[in-house]
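The values are calculated or read from the model by the stated rules, or taken from the named source; none is laboratory data. This one's a predicted model, so the numbers in the text were calculated from it and none came from an experiment. Reconstructed Cβ throughout: ideal geometry from the backbone, glycine too, with neighbour counts over all protein chains shown.
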Amino acid sequence: MAMPPSARPYRGVFPVVPTIFTETGDLDLAGQKRCVDFMIDAGSNGLCILANFSEQFVLTDAERELLMETILNHVAGRVPVIVTTTHFSTAACAARSRRAQEMGAAMVMVMPPYHGATIRVPEAGIISFFQRVSDAIDIPIMIQDAPVSGTPLPAELLARMALEIANVSYFKVEVPQAAAKLRRLIELGGGAVEGPWDGEEAITLLADLDAGATGAMTGGGYPDGIRQIIDPFLAGDREAAVAAYGRWLPLINHENRQCGLVTAKILMKEGGIIACDAVRHPLSDPHPASRAGLLDAARRLDPLVLRWAR
């Protein structure tokens, strides 16, 4: 069952769940469940699965289905789960989104349709795409506004879709000058913008919170650390949030600029939560010095990920 409407608006920290593989590149479903349990115990207000930081682009359709079923069944309503259903095809995205809703997703996250470096859809096509996906489901849609799509999504366009398309109500903004865009989006969209959210591993979190963000979709390695920033801010204690942001920023920066999507898996393996932190080929592991720098930054903060399984 989907999360009840009373749980909305969704706020707080909704980190991306990494996909856990074995040394041979197969799905490690037991490790995946331990990963999810840790992330919930570490204070995640919700989770996001099958996102880019989940390596969704190296998964087969059958593996996507298996992971969605396994994770949603294992979470069993403990926290709301956002399922990424991005696809260039409107029909395929709508079908993925319907399936996610049927299996208990609280929300779907969708990028605008794009393919490769040059195949894009004009504004009218983007609006029609999201309208048709919205028509297929009854749960919120989060539009992911990220450079990887190469598709400009002006605040005016996002606000128009929030006002005109029933289920378009959340926005993960992770483009340059995200705070200014969030501020403009909130100004134009008003109450139709139910969830203005931060992304990009929280590297711009403080500025985005100042701009009105109410949620953050980060990496999955240290939701307890991100909670130390976002909780006091949303409670009105900006000074405590600023201090916490200063403490956690070296680790946030190392994830955003050095180790990327493998960060959470490196931390989880170091803490004994998972057995293997491999990414799928053709992705490659970070340089050993980058890994060492990440672990050094983490140990200085004593995050739960390094001691949850001990």
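Out of curiosity, is residue 302 on the phi > 0 side of the Ramachandran plot, among the acidic types (Asp, Glu) and exposed (fewer than 13 other Cβ atoms within 10 Å of the Cβ)? Answer is yes for this residue.
Per-residue answers, yes or no, for (1) in contact (Cβ under 8 Å) with a residue 40 or more places away in the chain; (2) out of contact with any Asp or Glu (no Cβ under 9 Å at 6 or more places or on another chain); (3) more than 28 Å from residue 30 (Cβ to Cβ); (4) among the hydrophobic types (A, V, I, L, M, F, W, C):
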residue: 232; (1), (2), (3), (4): no, no, yes, no
residue: 238; (1), (2), (3), (4): no, no, yes, no
residue: 252; (1), (2), (3), (4): yes, no, yes, yes
residue: 255; (1), (2), (3), (4): yes, no, no, no
residue: 263; (1), (2), (3), (4): yes, no, no, no
residue: 281; (1), (2), (3), (4): yes, yes, no, no
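Here the condition is being loosely packed, with under 15 Cβ neighbours inside 10 Å and either assigned to a loop (DSSP other than H, G, I, E, B) or in contact with a helix residue (DSSP H, G or I) (Cβ under 7 Å, 6 or more places away or on another chain) (or both); of 24, 19, it holds for 24 alone.
When residues in the range 28-81 are screened for being surrounded by 18 or more Cβ atoms within 10 Å (Cβ to Cβ), outside any helix (DSSP H, G or I) and not polar (S, T, N, Q), 13 of them pass. Taking the range 194-208 as the range and being crowded, with 22+ Cβ neighbours inside 10 Å, of a type outside the set (D, E, K, R) and farther than 23 Å from residue 20 by Cβ as the test, the residues that pass are 196, 197, 204, 205, 206.
Residue-by-condition table, conditions (1) among the β-branched types (Val, Ile, Thr); (2) modelled with pLDDT under 95; (3) more than 16 Å from the chain's Cα centre (by Cα):
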site: 239; (1), (2), (3): no, no, yes
site: 242; (1), (2), (3): yes, no, yes
site: 252; (1), (2), (3): yes, no, no
site: 256; (1), (2), (3): no, no, no
site: 266; (1), (2), (3): yes, no, yes
